[in-house]
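Inspection log for the structure reproduced underneath, given as structure tokens.
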Amino acid sequence: MRTVKPTWRTLVAAASVTAALVLTAAAPATAADGWQRTGDVSESAYGNGYAKKCARTGYGEACFQGYGEWIWLRDLYANGRPVAMDWYYNGPSGLRSGVAYWDGSATAGWTNLNKSFDEDGDFNFRVCEVDLGAGDVVRDTCSPWTWVST
């Protein structure tokens, strides 16, 4: 049987494939974070009987529902600027962060987004208006940070 000694190109190609597989395996945990648009729901969906912790400004209201890890968001100021929940989570699986935003009209009422977080973590959030073009929250419109345990 003939033994083939690997060349540096073979080793680089193998390392690249291995790195791609590792990154692909790790991607689902963070792929759902970052900037995400909330979905329009019926007004009665918010009153589902589960406890929520909320933050509010004159621009919007954002709530976190621990049961099912739901983000609830509504625009309260019809100025055409989107409203968002700026959030970060620190738990057993590490630090995650994102912005859940609604760019529909203020007449939509509650919107929501379903997330998944480990138990025994800290979920911190605030509600702000956002500038989607700049990809950032408008800091002078933000509520104070609100904390809730998952």
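The values are calculated or read from the model by the stated rules, or taken from the named source; none is laboratory data. Remember, predicted model here, so these are calculated numbers, not experimental data. Methodologically, a virtual Cβ is constructed for each residue, glycine included, from the backbone with ideal geometry; neighbour enumeration extends over all protein chains shown. The protein model used for the area step is the full one, side chains on, heavy atoms only, and it has no ligands, DNA or RNA in it. Shrake-Rupley method; radii C 1.70, N 1.55, O 1.52, S 1.80 Å.
Listing for the model above:
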{"quantity": "Fully extended contour minus Cα-Cα distance, from Ser93 to Glu43, at 0.36 nm per residue", "calculated": "14.7 nm"}
{"quantity": "For the range 96-150, size of Cβ-based charge dipole, Lys and Arg +1, Asp and Glu -1, in debye", "calculated": "80"}
{"quantity": "Heavy-atom accessible area per residue - the range 55-120, 1.4 Å, Å²", "calculated": "44"}
{"quantity": "Calculated FRET efficiency for the pair Asp131/Thr107, C-beta based, R₀ 25 Å, to 0.05", "calculated": "0.70"}
{"quantity": "Placed amide H near Val138: partners under 5 Å, 5+ positions off or other chain", "calculated": "Glu129, Val130, Asp131"}
{"quantity": "Kirkwood hydrodynamic radius (C-alpha pairs) into Stokes-Einstein, the range 37-150, 25 °C and 0.890 mPa s, D in µm²/s", "calculated": "176"}
{"quantity": "Cα extents of the range 83-150 along the three principal axes, largest first (Å)", "calculated": "36, 23, 20"}
{"quantity": "Rounded, prolate or oblate (a/c below 1.5 giving rounded, otherwise prolate when a/b exceeds b/c) for the range 59-98 by Cα gyration tensor", "calculated": "oblate"}
{"quantity": "By average C-beta atoms within 10 angstrom, highest first, the peptides 34-40, 57-63, 116-122", "calculated": "57-63, 34-40, 116-122"}
{"quantity": "Those residues of the range 107-150 whose amide nitrogen sits under 17 Å from the label point placed on Glu69, 7 Å along Cα→Cβ", "calculated": "112-125, 148-150"}
{"quantity": "Stretch gain in nm, segment Tyr77-Lys53, where the contour uses 0.36 nm per residue and the Cα spacing is subtracted", "calculated": "6.6 nm"}
